[in-house]
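What follows is one structure encoded as structure tokens, with my remarks underneath.
Coordinate-derived values only; no laboratory data. Note that the structure is a prediction, hence the values are computed from the model and not measured. Backbone-built Cβ (ideal geometry, glycine too); neighbour counts: all protein chains shown.
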Amino acid sequence: MSNYHMYRDGPTYNIHGNTYPIKDKLKALGGTWDGKKWSVVNTKENLDALRALGISLRVKAKRDAFCHESESIIYANSSDVQLGYTDKNFCGNCDSHYRDRVKLTRIDE
């Protein structure tokens, strides 16, 4: 599991997390830092390079209701969305980890 993740925001990938160890590599890709996140231009080459750095891509998805949580829109790991479910769910109401699979549906932007 990486210390950072990214999501697509129009023409850029936004990278969040503890990126200090890879900041020079992000700069080499043309990345810019705004004090909170890195932004790298959305190209196939940059996506491949970012994935090679171990940065997981998150995509917008609808997560079905579970435990005490209602249906919601989240940014989920793309691998979970491809599977169509996630088992990484935490109920904020009862502080329990919900271990059953919860359906994910990708929302194309």
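The GNM of the chain, with springs linking C-alpha atoms under 10 angstrom apart, assigns the highest mean-square fluctuation among 70, 79, 39 to 70.
Here the spin labels are modelled as points 7 Å beyond Cα on the Cα-Cβ line, and at residue 8 and residue 73 they lie 1.6 nm apart. Cross-link check: pairs 23/44; 25/62; 25/103 evaluated at a Cα-Cα cut-off of 30 Å; pairs beyond the cut-off: 25/62; 25/103.
Comparing 76, 65, 49 in a Gaussian network model of the chain (Cα springs below 10 Å), the most mobile by mean-square fluctuation is 65. The aspartates and glutamates whose alpha-carbon is closer than 17 Å to the alpha-carbon of residue 37, local same-chain residues fewer than 8 away aside, are 9, 24.
Check the cysteines of the chain one by one and keep only those with no other cysteine Cβ under 4.7 Å from their own. Within the chain, the cysteines lacking a partner Cβ under 4.7 Å are 94. On average, how much area does the Cα convex hull of region 4-54 cover when viewed from any direction, in nm²? Computing the convex hull of the Cα atoms and averaging its projections yields 3.1 nm².
At 10 °C and a viscosity of 1.306 mPa s, what translational diffusion coefficient does Stokes-Einstein give for region 58-106, taking Rh as the Kirkwood radius over Cα pairs? Give it in µm²/s as a whole number.
Working: Rh = 10.6 Å.
D = 149 µm²/s.
Computed over the Cα atoms of the chain, pair by distinct pair, the Kirkwood hydrodynamic radius stands at 15.0 angstrom. The DSSP beta bridges internal to the chain are antiparallel in roughly 90% of cases.
Go through region 49-95 and name the trypsin sites (Lys or Arg not before Pro) that are in a DSSP coil and have 16 or fewer other Cβ atoms within 10 Å of their Cβ. Present the calculation step by step, with values, prior to reporting the outcome.
Details: sites: 51, 58, 60, 62, 63, 88; in loops: 88.
Hits after loop and neighbour filter: 88.
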